[in-house]
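Reviewing the structure listed below.
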Amino acid sequence: MNAVPLSQRIAFAAMLVLIVASPFVLYPVFLMKVLCFALFAVAFNLLIGFVGLLSFGHAAYFGMGSYVSAHAAKVWGFTPELAILSGAVVAALLGAAFGWLAIRRSGIYFAMITLALAQMVYFVCVQAPFTGGEDGIQAVPRGHLFGVVDLSSDFALYWVVAAVFLAGFLFLYRVVHSPFGQVLKAIRENEARAVSLGYRVDDYKLIAFVLSAALAGVAGGTKAIVFQLATLTDVNWPMSGEAVLMTLVGGIGTIFGPPVGALVIITMQNELATILGAWVTVVQGGIFVACVLAFRRGIVGEIQAKLGKPL
Amino acid sequence: MAGDVVLETEGLTKEFRGFVAVNDVSLRVHRGAIHALIGPNGAGKTTCFNLLTKFLEPTRGTITWQGRDITRAKPAEVARMGLVRSFQISAVFPHLTVLENVRVALQRARGSSYDFWRSERVLSRFDDRARELLADVHLSEYEAVPAGLLPYGRKRALEIATTLALEPEMLLLDEPTAGMTHEDVEHVVALIRRIRAGRTILMVEHNLSVVSGLSDTITVLTRGHVLAEGDYATVSANPEVRAAYLGSEEAA
């Protein structure tokens, strides 16, 4: 009864085909952006979808991942994989500290604490010398993977980004479908009951928080390598909003929802920006409202409900 | 039934902003007994219950479990010591299947709950034990159903199976028959009778017919303090109890 359902196998195969085929048709930098944000949304979804915690401060982990990776690659001369790893480690440590504080509260208070802590990180980044303030860290070298493979071409880098995304995606799939994930779902469904069964629920929430922060850091770090840039945008609160929006549009608590949401939102931002300019934000707001009012389950959530099969 | 005292409270008090919900309650629950806590609405039964299971912190007083002071213990720790509670509103994990509900409890008792890198397939080693527990409460045919879809009475049965999976020494049942049809009440009473072997049970209950048939000791609470204690005959003969509870609630 615990084998991967057919519906998810088919969806995964479809996603794999898209990832492999699309760089031959579409602009690789655009696709890499989608994949980075897809990973960011997947990381965010671990908390909101499988533990029931709404973090409104994931920009902190994404942004710190971005800054640390950019700094490591540019100043310390790290190879890209080590630069991204450094970003993930710092994001995880930050997640451990912030998570430890935030999980003491629930609901809106949890969201507000994560937001407040993330804003503190933002202000530190505005002031700290290593972030370059308003300029950010520019001209980050893409470098050579493992010191060997030259990543200066978009096409070469695309496969690395695709591999990072898939590894993160599969890792989170495993977390959700692990003995630990089973306890997370129990906590989401009925926390008091999980406590009464003897679960130290705070430990589980904290581990989930750290895993989520670390993967958000990977997403941010990868983004910094792709765009050769780390800026205040990565760490500011609208970035946290992006994660919420993408996950909501795709489908909270579904496996494939966050990547789909990331694809939809990034495509929209790219396509509409040329036509509508700043009005894109208004359109995004409209979509957000429409989602909350009309289809709360999100795109994948609705399909899942129609099919009656998990996706 | 006169086993030694397993759970004891001394001067247990809980105040909420000047309102005293539980006032100087001293309880002694004996090993192997079914002990009922009764009283009219607002008597402090549920508050008392939540104090015992550590879901609330007492303002004053002590709670001792098998000689250990658990007054400041955390609820999860108390559960790990073998003191496991149920809830008034049936507490199941609605989107997990019936089998998974029981497995979550088995998983806690038998380890591997932090393994986020392993497949959940390792949990199938708990399936046999989970099925035994489900058979005990006549839920075998529902094992693949999401727990949220069960009718109310069966949810309670599932909750009891989940609780028993922890092999608790003592069960604390919060109004196990609340909101049930007559038929379901009989079902639950029969179930409690079956599971009492080797266990101590403390239950908060409103339904007097349940209490009279089941319990060895009854403690009557009114306005936060203990009004009377004893077996059903003693307690129901007490004029104060009749006035405070029986008279006002139902003409027993």
Q: Check the stretch B:61-70 and report whether any residue there is part of a loop (DSSP other than H, G, I, E, B), more than 9 Å from chain A (Cβ to nearest Cβ), under 18 Å from the mean Cα position of the chain (by Cα) and surrounded by fewer than 17 Cβ atoms within 10 Å (Cβ to Cβ).
A: yes
**Q.** Residues that are crowded, with 19+ Cβ neighbours inside 10 Å and on the phi > 0 side of the Ramachandran plot, drawn from the stretch B:168-223
**A.** B:Glu175
(Q) Would you confirm whether or not the stretch A:39-54 contains a residue that is in contact with a strand residue (DSSP E or B) (Cβ under 9 Å, 6 or more places away or on another chain), within 28 Å of A:Asn270 (Cβ to Cβ) and not acidic (Asp, Glu)? (A) no
Q. Among (1) surrounded by 18 or more Cβ atoms within 10 Å (Cβ to Cβ); (2) more than 7 Å from chain A (Cβ to nearest Cβ); (3) in contact (Cβ under 8 Å) with a residue 24 or more places away in the chain; (4) under 30 Å from B:Gly32 (Cβ atoms), where does B:Arg131 come up short?
A. (1)
Q: Report, by residue number, each residue of the stretch A:194-225 that is in a helix (DSSP H, G or I) and surrounded by fewer than 24 Cβ atoms within 10 Å (Cβ to Cβ).
A: A:Val195, A:Val201, A:Asp202, A:Asp203, A:Tyr204, A:Leu206, A:Ile207, A:Val210, A:Leu211
Q. Quick one: in the stretch B:91-103, which of the residues that are in contact with a Ser or Thr (Cβ under 8 Å, 6 or more places away or on another chain) and assigned to a helix (DSSP H, G or I) is nearest to the other protein chains (Cβ to nearest Cβ)?
A. B:Asn101
Q) Going through the stretch A:140-158 one residue at a time, which ones are closer than 27 Å to A:Leu93 by Cβ and out of contact with any strand residue (DSSP E or B) (no Cβ under 9 Å at 6 or more places or on another chain)? A) A:Pro141, A:Leu145, A:Phe146, A:Gly147
Q) Does at least one position in the stretch B:104-119 carry a residue that is more than 7 Å from every other protein chain (Cβ to nearest Cβ) and part of a loop (DSSP other than H, G, I, E, B)? A) yes
(Q) Suppose we keep only residues that are more than 21 Å from A:Arg174 (Cα to Cα) and polar (S, T, N, Q) within the stretch B:84-134. Which one would you say is nearest to the chain's Cα centre (by Cα)? (A) B:Ser86
Q. Taking the stretch A:134-178, which residues are of a type in the set (A, V, I, L, M), within 14 Å of chain B (Cβ to nearest Cβ) and touching a residue at least 40 places away in the same chain (Cβ under 8 Å)?
A. A:Leu172, A:Val175, A:Val176
Q: Go through the stretch A:114-140 and count every residue that is open to solvent by 50 Å² or more (accessible area, probe 1.4 Å), at negative phi and in contact with a helix residue (DSSP H, G or I) (Cβ under 9 Å, 6 or more places away or on another chain).
A: 6
Q. When you look at A:Val195, is it closer than 29 Å to B:Asn101 by Cα, within 14 Å of chain B (Cβ to nearest Cβ) and touching a Pro at 6+ places or on another chain (Cβ under 8 Å), yes or no?
A. yes
**Q.** Qualifying position, being modelled with pLDDT of 85 or more and open to solvent by less than 40 Å² (accessible area, probe 1.4 Å), among B:Gly148, B:Gly153
**A.** B:Gly148
Q | Condition broken by B:Ala161, with the remaining ones in (1) modelled with pLDDT of 85 or more; (2) open to solvent by 10 Å² or more (accessible area, probe 1.4 Å); (3) assigned to a helix (DSSP H, G or I) satisfied | A | (2)
Q. So is A:Leu151 at pLDDT 90 or above, surrounded by 16 or more Cβ atoms within 10 Å (Cβ to Cβ) and over 19 Å from B:Thr97 (Cα atoms) or not?
A. no
Q) Looking at (1) without any contact (Cβ under 8 Å) to a residue 60 or more places away in the chain; (2) open to solvent by 10 Å² or more (accessible area, probe 1.4 Å), which is the only condition A:Ala72 fails? A) (2)
Q.
Restricting to the stretch B:1-50, give me the number of residues that are under 21 Å from B:Met170 (Cα atoms) and in contact with an Asp or Glu (Cβ under 8 Å, 6 or more places away or on another chain).
A. 17
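Here's the yes/no breakdown for (1) touching a Cys at 6+ places or on another chain (Cβ under 6 Å); (2) more than 14 Å from chain A (Cβ to nearest Cβ); (3) crowded, with 21+ Cβ neighbours inside 10 Å:
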residue	(1), (2), (3)
B:Val6	no, yes, yes
B:Phe16	no, yes, no
B:Val22	yes, yes, yes
B:Leu37	no, yes, yes
B:Gly42	no, yes, no
B:Thr53	no, no, yes
B:Arg72	no, yes, no
B:Arg80	no, no, no
B:Val84	no, no, yes
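The values are calculated or read from the model by the stated rules, or taken from the named source; none is laboratory data. No experiment lies behind these values; they were computed from the predicted model shown. Using ideal geometry, Cβ is built from the backbone for each residue, glycine included, and neighbour counts are taken over all protein chains shown. What goes into the accessible areas is simple: the full protein's heavy atoms, side chains included, and nothing from ligands, DNA or RNA. Shrake-Rupley method; radii C 1.70, N 1.55, O 1.52, S 1.80 Å.
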